[in-house]
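K.L.:
Pasting in a structure now, in structure tokens, and then I'll have a few things to ask.
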Amino acid sequence: MDGNGRWAESRSMPRLEGHRRGADNIHNVVKYASKHDIKFITLYSFSTENWKRPQEEVDGLMRLLKRFLPKEAKQLKKNNVRLDTIGDVSKFSDDVQNAIMQSKDITAECDGIVLILALNYGGRDEIIRSVNSLINNNEDVNEDNISNRLDTSKYPDPDLIIRTAGEYRLSNFLSWQSVYSELIFLDVSWPDFSEEDFNNSIELYYNRVRNFGGLIK
């Protein structure tokens with residue numbers, strides 16, 4: 001969900017206003033996904049590298065999380081959307097961790113779309129945590145065991161990854177899981193990401209040939 005800060009700055013707004021507008025757009029994206037019968041959406045919300053941003057911006061993002069999550073969870077429950085997270089949330093303050101846990105509890109019984117927020121998430125960090133867990137439990141370090149220890153172990157690998165705001169890289173997002181994902185990069189900033197952008201991305205995805213390293217017969 002890239003481009004929130006730049007979107008705000010281009011309109012002479014504080015960067016945090018861009019993050020607020022980006023959070024508001026999550027409602028729309030969940031609606032778009034439901035129209036396409038998509039079961040899982042993962043949003044890169046706060047990376048392990050985002051701690052390097054100015055303290056004022058980090059503090060503002062933490063306040064946004066505390067306000068957004070409980071409020072959003074109630075709306076998600078009404079729409080039968082289950083909220084989950086990936087990433088090492090233990091690095092957040094106790095009040096942010098509580099907001100995360102309470103929000104997940106609110107939607108725990110929902111069985112529709114699963115909305116996964118990547119919070120303090122980094123692909124390399126996830127792989128390291130997975131391997132260390134195997135070593136600590138005297139388990140073999142192999143592909144299946146690593147996959148089973150990842151934060152996403154109960155979810156399928158992503159079919160499609162969309163990055164907004166004109167950047168052409170994954171920036172440490174789902175490094176293990178994305179090896180056969182289709183990638184789409186858009187110039188539009190996240191607050192402006194529309195249903196048309198979503199539909200165009202889905203159409204592009206369906207027009208690609210996916211052979212997972214094999215040959216098309």
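Each reported figure results from applying straightforward, stated rules to the coordinates on display, with no laboratory input. For clarity, every value in this text was computed on a predicted model and none was experimentally measured.
K.L.:
Explain nothing, just the number: relative contact order of the chain, from Cα pairs under 8 Å at least 6 residues apart, as a whole percent.
P.N.:
RCO, the chain: 23 percent.
K.L.:
What ³J(HN,Hα) values, in whole Hz, does the Karplus curve 6.51 cos²θ - 1.76 cosθ + 1.60 give for region 36-44 when θ = phi - 60°, with x put for Gly and Pro?
P.N.:
9, 6, 7, 8, 9, 10, 10, 10, 7
K.L.:
May I have the count of lysine pairs in the chain with C-alpha atoms under 12 Å apart, counting pairs 8 or more residues apart or located on different chains?
P.N.:
On the way: K31/K39; K71/K104; K74/K104; K77/K104.
Here the count comes out as 4.
K.L.:
Alpha carbon centre of region 84-107 versus region 184-199: separation in Å?
P.N.:
28 Å
K.L.:
Give me P(r) over the chain, computed from all C-alpha to C-alpha distances, binned every 5 Å, as integer percentages.
P.N.:
Answer for the chain: a P(r) of 1, 6, 13, 18, 20, 18, 13, 6, 3, 1, 0, 0 percent.
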